[in-house]
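Presented below is the structure to which this report refers.
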Amino acid sequence: MTQLFPFKPVLLAMLKNKTGPLLVALQIALSLAILSNAVYLVNQRLSSSERSSGIGHEEQVFSLFVKNQKSGGHEEQLAAQKRQEQVMKSVPGLVSLARVNSIPMSQSGWNRSIAADRKQISPTGNAAIYISAGSLVKVWELQLLEGRDFTPEEFLEIDQSTARNSPDVAIISKAMARALFPDASSYAGREFYFGTGDGAESVRIVGVVDTLQTAGAQDGVRGEMSVMQPARMTNDAYSGYTLRAAAGKREQVMQDVEKALRAASPEPLNIRMQAQTSIREDRYRNDKGLSWMLLTVCGLLIMITASGIVGMCSLWVTQRTKQVGIRRALGATRLHILMHFLTENLLISTLGIVLGCVLALGLNQLLVTQFDMRKLPLSYLLWSPLLFCLLGMVAALAPAWRAARIAPATATRSV
């Protein structure tokens, strides 16, 4: 074993010339620290982009924003909205629709601070507010875990330009329910508050849905803190419609809905439509772009590290040609020479891996505190060392094999 893996003589030889091995070890350490955190960040981004928004069969859902060039007052707008809904409901292939102020993952919406008690000094968090004139539970096929959907009597008609009232009932997401009442097992019938203090608005929970992402779709629990409330609003430039088409008919329904609305309106309409799948793509385009960039950087780091190991090992082989020849003349086999250089590289890689694990944890702690990134799982500190250990051995194999093939006569020609 000692003959195949001569750790002691190799280590003593390395201590006489520390600069080269230390530089290679530092290169491995930096690459490992960056690679492990970068791959973890990529995994987080890609997992986040694939998580459920709560909307069932997203490929059937699309949003529509329509605005008359002449708007009118509160009553006229209410009548116009209801006429538009009737026109759209008559389109073959349309399953359901609802007017709503915001769409999950759209990156544009309303948020309000929430609290379990108005006496709280600071709010529990912020929640996305979805105000709809219809059943979002039905249109988005949300999974209702507890309670019920809104009843017709609970829907208000609110003029945004004058009214200050708001619905006093809500359906909330499971994530929000747990944030408000962490020790509770049932939430329907409980009250929470928008804001804190004497001016906080009391709201009664009538239902809880499993998942409903916010418009921002942030990472973690923050991206699932959502509230739905029943109201039809006017003088609100941001409200539109969310619609569900029958399976496989979304594109046709989108075209037919636009044609029907234009044909039924005596005035020109400004219509904008977008599929829910397209909204998801827009939301996560930057995350996926960042992921590809980080993967490219990781690939370059691996190539540079491997090149450094190959270059350094080749230099050592060139510098030690005479020494290798002497050892071969004294009876060392090719396997002994090969294992000498591989052992040398293994020791350098081990030093780099140990330093790299420490740097990886330090870098991750910086990312956690500064950028709200999650802590690096220990599993990443298991496969990363294995990867770099294997990388080091493979990169050193060719120069080591070249050293093992040196003939004693050629190496000792000048002796």
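Mind pulling the angle between the C-alpha long axis of helix 7-16 and the longest principal axis of the chain? Nearest 10 degrees, somewhere in 0 to 90.
Once rounded, the angle reads 90 degrees.
Using modelled backbone amide H atoms (1.01 Å from N, in-plane), which distant-in-sequence or interchain residues come within less than 5 Å of Glu157's amide H?
Long-range HN contacts for Glu157: Arg232.
Which residues does a label at Arg83 reach in the range 266-280, if reach means a backbone N under 15 Å from a point 7 Å past the Cα toward the Cβ?
Inside the label zone: 266-270.
Pairs of Cα atoms under 8 Å, at least six residues apart: use those to get the relative contact order of the range 64-205, whole percent. Don't jump to the answer; show the numbers that get you there.
On the way: 165 pairs, mean separation 33.6, N = 142.
This gives 24 percent for the range 64-205.
Angle between the Cα long axis of helix 334-371 and the longest principal axis of the chain, 0 to 90 degrees, nearest 10?
30 degrees
Assuming 0.36 nm per residue, please report the length gained on full extension of the stretch Ala188 to Ala237 beyond their Cα-Cα distance. Kindly include the intermediate steps, with their values, before the conclusion.
On the way: separation 49, 0.36 × 49 = 17.64 nm, distance 3.23 nm.
Length gained, Ala188 through Ala237: 14.4 nm.
Give a residue-ordered list of calculated ³J(HN,Hα) values for the range 203-217 (Karplus: 6.51 cos²θ - 1.76 cosθ + 1.60, θ = phi - 60°; whole Hz; x for Gly, Pro).
Residue by residue, the range 203-217 yields 9, 9, 7, 10, x, 10, 9, 5, 9, 7, 5, 7, 5, x, 6 Hz.
Spelling out what I want: for every residue of the range 79-90, take phi, set θ = phi - 60°, compute 6.51 cos²θ - 1.76 cosθ + 1.60 (Karplus), and round to whole Hz; glycine and proline get x.
Here the 3J(HN,Hα) series is 5, 5, 4, 5, 5, 4, 5, 5, 4, 5, 5, 7 Hz.
Taking only Cα atoms, what is the 0 to 90° angle, nearest 10, from helix 19-50's long axis to the longest principal axis of the chain?
20 degrees
Could you pull out every residue, at least 5 positions away or on a different chain, whose amide H is within less than 5 Å of the one on Asp168? Hs are placed 1.01 Å off N in the peptide plane, and Pro or chain starts have none.
none
Which far-off residues, 5 or more places away or on another chain, put their amide H under 5 Å from the one on Gln218, with H placed in the peptide plane?
Amide H neighbours of Gln218: Gly223.
Using 0.36 nm per residue, how much length does the chain from Arg164 to Asp198 gain when fully extended, once their Cα-Cα distance is taken away?
My answer for the length gained is 10.6 nm.
Okay, helix-only estimate at 222 nm for the chain: each DSSP H run of n ≥ 4 adds -39500 (n - 2.57), divide by all residues, round to 500 deg cm²/dmol; what do you get? Can you show the working numbers first?
On the way: 11 runs with 204 residues, N = 415.
-16500 deg cm²/dmol, from helical runs alone.
So what is the accessible area of the range 97-198 per residue, in Å², with the probe set to 1.4 Å?
Values: 4950 Å² over 102 residues.
With the other protein chains kept in place, the range 97-198 gives 49 Å² per residue.
Quantify, in whole percent, the carbon and sulfur part of the accessible surface of the chain (1.4 Å probe; protein heavy atoms only). Write down the numbers at each step before the final one.
On the way: 12280 of 21080 Å².
Roughly 58 percent, rounded to a whole number.
If the reach is capped at under 18 angstrom between alpha carbons, list the aspartates and glutamates near Lys375, excluding any in the same chain fewer than eight residues apart.
Here the aspartates and glutamates satisfying the reach criterion relative to Lys375 are Asp219.
When the label point is put 7 Å from the Cα of Ser71 along its Cα-to-beta-carbon vector, which residues of the range 136-160 have a backbone N closer than 16 Å?
Once the point is set 7 Å along Cα→Cβ of Ser71, 158-160 turn out to lie under 16 Å by backbone N, inside the range 136-160.
Test of understanding: what is the full-extension gain from Trp383 to Ile302, defined as 0.36 nm times their sequence separation minus their Cα-Cα distance?
27.7 nm
Ignoring ligands, DNA and RNA, what accessible area per residue does the range 205-294 give at 1.4 Å, in Å²?
Values: 3970 Å² over 90 residues.
Spelled out: the 1.4 Å probe surface of the range 205-294, per residue, equals 44 Å².
Over the range 25-146, what relative contact order in percent results from Cα pairs under 8 Å that are six or more residues apart?
Values: 81 pairs, mean separation 29.8, N = 122.
Relative CO of the range 25-146 lands at 24 percent.
Could you please state, rounded to a whole Å, how far the C-alpha centre of the range 103-135 is from the C-alpha centre of the range 162-182?
Each part reduced to its Cα centre gives a spacing of 7 Å.
Between [x] 1.05; [y] 1.24; [z] 1.29, which entry matches Rg/Rh (Cα atoms, Kirkwood Rh) as derived from the coordinates of this structure?
Checked against the structure: label [y].
Keeping every protein chain present and rolling a 1.4 Å probe, give me the accessible area per residue for the range 20-93 in Å².
46 Å²
Let me have the relative contact order for the chain, percent, based on Cα pairs under 8 Å that are six or more residues apart.
Numbers: 717 pairs, mean separation 117.0, N = 415.
28 percent.
Taking θ as phi - 60°, what are the ³J(HN,Hα) couplings along the range 283-293 by the Karplus curve (6.51, -1.76, 1.60), each to the nearest whole Hz, with x for Gly and Pro?
4, 9, 4, 5, 5, 5, x, 5, 4, 5, 5
The values are calculated or read from the model by the stated rules, or taken from the named source; none is laboratory data. These numbers come from a predicted model, not from an experiment. Don't worry about glycine lacking a Cβ; one is built from the backbone with ideal geometry, like all the others, and counts go over all protein chains shown. Ligands, DNA and RNA are stripped out before the accessible areas are found, and what is left, the full protein with its side chains, is counted by its heavy atoms. Shrake-Rupley method; radii C 1.70, N 1.55, O 1.52, S 1.80 Å.
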